[in-house]
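Enquirer: Sharing a structure, written as structure tokens. Questions coming.
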Amino acid sequence: MILDGLDREVVAVTTTLEMAQAERAELAGFLKTLSEEDWAAGSLCTAWSVRQVVAHVISYDRLGVGGSLARLARSGFRLGRSNATGVAELARRSPEELVALLEENAEVRGP
């Protein structure tokens, strides 16, 4: 039973997190169907391949706040450079490894 606005916000966040988890699971399933050529293909993010986009999606999953700040500091506090660092680190991994990382971090931690 929803008693006030706060409860409605909690329900909305839960629903959003559940949707994000479902989308990650669906993405992992789709990625398993791609060929090596598909992984190397360009994406709608024109500077990145599909592999790089996947690396971006998971590049902050295991860092936490401290790890994110450390990466940002190593990148001279330039957000774009920090992001590029994470993508470069993960894009070296095989498609199977990237999908496994996506699946291991399917639980969205949210706000």
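The values are calculated or read from the model by the stated rules, or taken from the named source; none is laboratory data. Everything numeric in this text was worked out from a predicted model, so none of it was measured. All accessible areas refer to the heavy atoms of the entire protein, side chains included, with ligands and DNA or RNA removed. Shrake-Rupley method; radii C 1.70, N 1.55, O 1.52, S 1.80 Å.
Enquirer: Could you give the length gained by full extension between E37 and M19, i.e. 0.36 nm per residue of separation minus their alpha carbon distance, to one decimal place?
Expert: Result: 3.5 nm gained on full extension.
Enquirer: Which order do you get for T46, T33, T15 if you rank them by accessible area with a 1.4 Å probe, largest at the top?
Expert: Most to least solvent-accessible, the answer reads T46, T33, T15.
Enquirer: Once phi is turned into ³J(HN,Hα) by the Karplus curve 6.51 cos²θ - 1.76 cosθ + 1.60 with θ = phi - 60°, what whole-Hz value does each residue of the stretch 35-48 show in order, with x for glycine and proline?
Expert: So the Karplus estimates, Gly and Pro as x, are 7, 4, 5, 4, 5, 8, 5, x, 10, 5, 7, 4, 7, 10 Hz.
Enquirer: Leaving ligands, DNA and RNA out of it, report the carbon-plus-sulfur percent of the accessible area of the stretch 24-95 at a 1.4 Å probe.
Expert: 61 percent
Enquirer: If you don't mind, another one. Could you report the accessible area of R71 in Å², rounded to 10, computed with a 1.4 Å probe on the protein chains as they sit in the structure?
Expert: The value for R71 is about 10 Å².
Enquirer: Taking the Cα atoms of the stretch 51-111, what is the range of coordinates along each of the three principal axes, in descending order and whole Å?
Expert: Here the spans come out as 32, 27, 13 Å, largest first.
Enquirer: For the stretch 36-111, calculate the relative contact order in percent as a whole number, restricting contacts to Cα pairs under 8 Å that are 6 or more residues apart.
Expert: Result for the stretch 36-111 is 31 percent.
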